Amino acid sequence: MRMVFADTLLELAKQDERICLITPDMGYGILDKFQKTFPKRYFNLGITEQNCMSVASGMALNGLKPYVYSIIPFVVHRCLEQIRVDVSYMNTDVKIIGVGSGFEYGAAGATHHGTEDISMMRALPNMTICAPGDNYEMVEIAKLTAKTKDPTYIRIGRHNHGILNHNKIELSKASIIEQGKEIALIATGNMLPVAYDFAQELKKENINPTLISMHTIKPIDKECILKLINDGYKIYTFEEHTIIGGLGSAVAEIIAESGQKATFKRIGINDKYSHVVGSAQYIREQFKLDIKGVIEQCC
Amino acid sequence: MHKKIRELILKCANRSKASHVGSALSIVEILEALYFNVANISKDNFNKPDRDRIILSKGHGSLALYATLALKNIIPMEALDKYLVDGGVLPCHIDMQSANGLEASTGSLGHGLGIAEGFVLSNRLKNINSRIFVIIGDGEFQEGSIMEALNSIGSLKLNEITVILDNNKFQASAATKDVADVNNYEKIFSAFGFDVESVDGHNVDLLTKALNKKSQKPTAIIANTLKGKGFSFMEDTLESHYIKIDDEKMKIGLTELENV
């Protein structure tokens, strides 16, 4: 998925000379084409995440469109205060690209896992947050966000499945992947294919859930969720992220203020770091975020 | 001009009863030299892409900047009446949306150098060769992000950047020398590839001369200053960071200014 992003950004950069790419020494093998095509617009500023974010802010104030690319904990948490002041508060057109959402960098350990980034970024005013669930969403989100002037965080994960979203994508508009009834599965990022597989399992039991891709987590599609509540859906959220402050929390906030009752469950990481040694998939299994674990948690 | 800037600072501080007065008073001559003698910034070009830029990275010294911008007719003199009062216009720490001529929102320390680097890298892409001046504090120099920025600016030889270190020798809670090694500024700047010069930070002519020097490297100017400069009741004290200018202090202060 990160390669799809890099290819899309390269195409966008051919059309928009304001686009620049900053990396604190990440993206080996991923950003090479951009670097070769636009050497003057590619900046490896060294392992200096805080400074990279301030530099991006300065470039944006000066009319450019900088993208800052790194692994999530380094491009979000390491420089969160720079994001807060130089990007969010100053409302600069900086695009923050975090790769390795959830447990994607499984074997690398929790220092490299992106499991609390949505919560932190959601709290920042002016910030748009997107998490594509398939490569089609990745391409469309890259293109759509390139047109905005808003501070934006794009959370990139894995892709080892087919295209699930065949809708026209609009930012802040949930995509209905499958229309069903009574049960709504709302997924973001890496969990979209898992939720899709779960939906297929439910169908075998003659249960037809509605499957929704929430590719934009902020501003969230409130209207879509309110409709689900009004229509009496039982709502499940799926995210490879802590259940505190992410997609599940965003949906819970809407339910809580709707004045109506809804049956609701958050599927995600239950307020824990991984100390598991193993691949991403192995860790997902331990956290019950694979299809088997999701069935166990939901049924 | 520095006399006029100090008078405005004193009056604003009296009206608002705000702190950080000492932090503003130490950079008065630096701002005079920059805005009136060196930088290409005026009421006619402050929005033009090719202007020089001044970033007050030690954003808590904002009062001196507001006073200077008012004297440059970049912000209206009346805006100073609205410094840090309820429903006012100009905040204690700089919000770039609050008035013209503010290049960045600062107040959290250690941000200005990176933003300056972003200005220069983007200017180079646009073939603009303007100068970027960043005023940092001696306490601010302790921030880790400063080291990241110096390393990067020095490595990339961004000679459009001039850093002015306001060496007023006090930070928020202590004398700077009691917290960090204050004898290594020159060594650190040099090691990162800067040309370095130490000057009397209250001598406008010497500051102007130092600021006008051209170099192939980025430049650092250690401006040796006094916190709370110009007023006997706070000069060279830690307390000047917090002092409230009541009517009596203002009266004494204005008399002292007249007698300079």
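The values are calculated or read from the model by the stated rules, or taken from the named source; none is laboratory data. Keep in mind it's a predicted model, so treat the numbers as computed, not measured. So basically every Cβ, Gly included, is an ideal-geometry build from the backbone, and we count neighbours across all protein chains shown. These accessible areas exclude ligands, DNA and RNA; they are computed on the full protein's heavy atoms, side chains included. Shrake-Rupley method; radii C 1.70, N 1.55, O 1.52, S 1.80 Å.
Evaluate the following for B:Phe192: is it among the aromatic types (Phe, Trp, Tyr), under 24 Å from A:Ile83 (Cβ atoms) and within 14 Å of chain A (Cβ to nearest Cβ)? No, not satisfied. The set of residues in segment A:45-60 that are under 18 Å from B:Leu125 (Cα atoms), open to solvent by 10 Å² or more (accessible area, probe 1.4 Å) and more than 7 Å from chain B (Cβ to nearest Cβ) contains only A:Ala60.
Given the condition at pLDDT 95 or above, facing another protein chain (nearest Cβ under 8 Å), over 15 Å from the mean Cα position of the chain (by Cα) and closer than 16 Å to B:Phe192 by Cα, answer yes or no: does some residue in segment B:158-167 qualify?
Quick first cut of segment B:158-167, residues at pLDDT 95 or above only: B:158-167.
Of the ones still in play, those that are also facing another protein chain (nearest Cβ under 8 Å) are none.
For segment B:158-167, residues at pLDDT 95 or above, facing another protein chain (nearest Cβ under 8 Å), over 15 Å from the mean Cα position of the chain (by Cα) and closer than 16 Å to B:Phe192 by Cα: absent.
If I filter segment B:84-94 for residues that are away from chain A (no Cβ under 14 Å), open to solvent by less than 10 Å² (accessible area, probe 1.4 Å) and modelled with pLDDT of 95 or more, do I get at least one hit? Yes, the conditions are met somewhere in segment B:84-94.
Taken over segment B:18-63, residues that are open to solvent by less than 10 Å² (accessible area, probe 1.4 Å) and either polar (S, T, N, Q) or part of a helix (DSSP H, G or I) (or both) amount to 18.
Count, please, the residues in segment B:64-92 that happen to be in a helix (DSSP H, G or I) and more than 22 Å from B:Leu211 (Cβ to Cβ). Total satisfying the criteria: 6.
Would it be correct to say that B:Phe133 is open to solvent by 10 Å² or more (accessible area, probe 1.4 Å), more than 10 Å from chain A (Cβ to nearest Cβ) and within 18 Å of B:Phe194 (Cα to Cα)? Can you show your working first?
Details: open to solvent by 10 Å² or more (accessible area, probe 1.4 Å): no; more than 10 Å from chain A (Cβ to nearest Cβ): yes; within 18 Å of B:Phe194 (Cα to Cα): yes.
For B:Phe133, the condition - open to solvent by 10 Å² or more (accessible area, probe 1.4 Å), more than 10 Å from chain A (Cβ to nearest Cβ) and within 18 Å of B:Phe194 (Cα to Cα) - is not met.
A single entry from A:Leu64, A:Leu80 fulfils the requirement of being at the interface with another protein chain (Cβ under 7 Å from one of its Cβ atoms) and in contact (Cβ under 8 Å) with a residue 12 or more places away in the chain: A:Leu64. Restricting segment B:227-244 to residues that are in contact with a Leu (Cβ under 6 Å, 6 or more places away or on another chain) and open to solvent by less than 40 Å² (accessible area, probe 1.4 Å), the residue that is nearest to B:Lys177 (Cα to Cα) is B:Gly228.
Among the conditions (1) touching a residue at least 40 places away in the same chain (Cβ under 8 Å); (2) of a type in the set (D, E, K, R); (3) touching a helix residue (DSSP H, G or I) at 6+ places or on another chain (Cβ under 6 Å), B:Arg51 misses just one, which is (3). So is A:Ser70 facing chain B (nearest Cβ under 7 Å) and either closer than 23 Å to A:His112 by Cβ or in a helix (DSSP H, G or I) (or both) or not? In short, no.
Name the residues in segment A:86-106 that are part of a helix (DSSP H, G or I), of a type outside the set (Gly, Ala, Ser) and surrounded by fewer than 24 Cβ atoms within 10 Å (Cβ to Cβ), would you? Talk me through it step by step, then tell me what you get.
At the first step, the residues of segment A:86-106 found to be part of a helix (DSSP H, G or I) are A:86-89, A:106.
Keeping just the survivors that are of a type outside the set (Gly, Ala, Ser) gives A:86-87, A:89.
Hit for segment A:86-106 is A:Tyr89, nothing else.
Kindly indicate whether A:Ile118 is touching a Gly at 6+ places or on another chain (Cβ under 6 Å), open to solvent by less than 20 Å² (accessible area, probe 1.4 Å) and either part of a helix (DSSP H, G or I) or within 13 Å of chain B (Cβ to nearest Cβ) (or both). Spelling it out, A:Ile118 is indeed touching a Gly at 6+ places or on another chain (Cβ under 6 Å), open to solvent by less than 20 Å² (accessible area, probe 1.4 Å) and either part of a helix (DSSP H, G or I) or within 13 Å of chain B (Cβ to nearest Cβ) (or both). From the list A:Pro132, A:Pro151, A:Pro125, the lone residue that is open to solvent by 10 Å² or more (accessible area, probe 1.4 Å) and either without any contact (Cβ under 8 Å) to a residue 24 or more places away in the chain or not hydrophobic (A, V, I, L, M, F, W, C) (or both) is A:Pro125.
So which of B:Leu121, B:Leu150, B:Leu69 ends up being open to solvent by less than 10 Å² (accessible area, probe 1.4 Å), in contact (Cβ under 8 Å) with a residue 12 or more places away in the chain and facing chain A (nearest Cβ under 10 Å)? Break it down stepwise before answering.
On the way: B:Leu121 fails: open to solvent by less than 10 Å² (accessible area, probe 1.4 Å); B:Leu69 fails: facing chain A (nearest Cβ under 10 Å).
Every option except B:Leu150 fails the conditions.
Scanning for something at pLDDT 95 or above and either away from chain A (no Cβ under 14 Å) or at positive phi (or both), does segment B:107-114 turn up at least one residue? Checked segment B:107-114: at least one residue is at pLDDT 95 or above and either away from chain A (no Cβ under 14 Å) or at positive phi (or both).
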